[in-house]
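Below: one structure, written as structure tokens.
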Amino acid sequence: STNLMEYSEDFSDNYWSKISSSVQSGYASPNGDNSAFKYIPDDGQGGNRSIGKTLSSLSGKYTFSIYVKESGFRYVYLRLRNNPNRQMIFDFQTETFEVYNVGVFSEGAVKKVGDFYRLSLTTDADESDEVGKLFYSISTSEDGSNISSFNGNGVDGVIIANAQLEAL
């Protein structure tokens, strides 16, 4: 299938919106090279901390996936931030996930690949309040309950690699 996500392996590019967060390059990836990035929420308190991309002119069902590896935070979120908002919360310690705010068509999946996990969230672009427009993002949290209001330290984060968006 065709990857519709540009710069899918370069999270430092301005293609990706970084909200109160940064990325560092040079981390080992699932491919065995050093093309993975560390996503790091800024230090400070409160506010949204994420990296993501808004896509327009979409129609039908899509699966967004990304490889993640623990690097200081227990939880990572795959989020679709257009109403209806959907999110997949993955717990690195228990290797389990939950999908919240499930709409007419939304499902999550996890596959372990070496010491990475490939997280996938499928949804329908036609269900969003702004039909055909989806904002995908990755964020993290200390306790799995709140992604918007926690104290980041500017060091801990999540290793991310190989984002993909595919039409179904």
Completion exercise
Computed from the beta carbon distance with a Förster radius of 25 Å, FRET efficiency for Val110 and Thr54 to the nearest 0.05 stands at 0.50
Handout entry: Virtual spin-label span in nm between Thr94 and Val131, 7 Å along Cα→Cβ
Key = 3.9 nm
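Throughout, read-outs are computed from the coordinates displayed, never taken from laboratory work. Just so it is clear, the structure is predicted and the values come from calculations on it, not from any experiment. Glycine gets a Cβ as well: all are built from the backbone with ideal geometry, and neighbour counts include every protein chain shown.
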